[in-house]
């Protein structure tokens, strides 16, 4: 596996542990719909939090969260619309980003709730 794929997988595992410590229930990981892949679908109370995880080894080209572009947002919104309908859920949907920056041997995790609006 390529180094960047390993870093991404490690970041997703850290994000899951982070969310579970904050009281979230993990419903799905790497859920797919058409061309979209949703990293983590989680729930806390009546909020369905859709979490995009971005992990980087440095911020030379920008912060991890800066790499969630409009095309990715559109794909996520379409996928989650399908997810909510197919599961017949009555929940509030929120889109979050967990940005992880690796500094040598430690990881800095930032949870951005309501990171972007869905239209």
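The values are calculated or read from the model by the stated rules, or taken from the named source; none is laboratory data. Because the structure is predicted, anything quoted here is derived from the model rather than measured. Heads up, the Cβs are rebuilt from the backbone with ideal geometry, glycines too, and the neighbour counts pull from every protein chain shown.
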Going by the conditions given, is residue 83 surrounded by 13 or more Cβ atoms within 10 Å (Cβ to Cβ), more than 20 Å from residue 111 (Cα to Cα), modelled with pLDDT of 95 or more and in contact with a strand residue (DSSP E or B) (Cβ under 9 Å, 6 or more places away or on another chain)?
yes
May I ask you to list the residues in the range 5-45 that are without any contact (Cβ under 8 Å) to a residue 24 or more places away in the chain and part of a helix (DSSP H, G or I)?
5, 6, 9, 13, 17, 20, 21
Boolean, residue 48 is farther than 18 Å from residue 8 by Cα, in contact (Cβ under 8 Å) with a residue 24 or more places away in the chain, in contact with a helix residue (DSSP H, G or I) (Cβ under 9 Å, 6 or more places away or on another chain) and not in a strand (DSSP E or B):
no
Restricting the range 51-70 to residues that are in a loop (DSSP other than H, G, I, E, B) and touching a strand residue (DSSP E or B) at 6+ places or on another chain (Cβ under 9 Å), the one modelled with the lowest pLDDT turns out to be 62
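Filter the range 88-98 for residues that are assigned to a loop (DSSP other than H, G, I, E, B) and in contact with a strand residue (DSSP E or B) (Cβ under 9 Å, 6 or more places away or on another chain); which is surrounded by the fewest Cβ atoms within 10 Å (Cβ to Cβ)? Step through it out loud before you land on a result.
Start the filter on the range 88-98 by keeping residues that are assigned to a loop (DSSP other than H, G, I, E, B), which leaves 88-91.
With in contact with a strand residue (DSSP E or B) (Cβ under 9 Å, 6 or more places away or on another chain) added as a condition, the list becomes 89, 91.
Values: 89: 15, 91: 13.
Here the residue is 91.
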In the range 9-40, which residues are closer than 21 Å to residue 70 by Cβ and touching a strand residue (DSSP E or B) at 6+ places or on another chain (Cβ under 8 Å)?
31, 32, 37, 38, 39, 40
Would you check if residue 104 is without any contact (Cβ under 8 Å) to a residue 12 or more places away in the chain and within 23 Å of residue 18 (Cα to Cα)?
yes
Is there a residue in the range 99-115 that is closer than 16 Å to residue 46 by Cβ and surrounded by fewer than 17 Cβ atoms within 10 Å (Cβ to Cβ)?
yes
Take the conditions in a loop (DSSP other than H, G, I, E, B), under 14 Å from the mean Cα position of the chain (by Cα) and on the phi < 0 side of the Ramachandran plot and apply them to residue 116. Does it pass?
yes
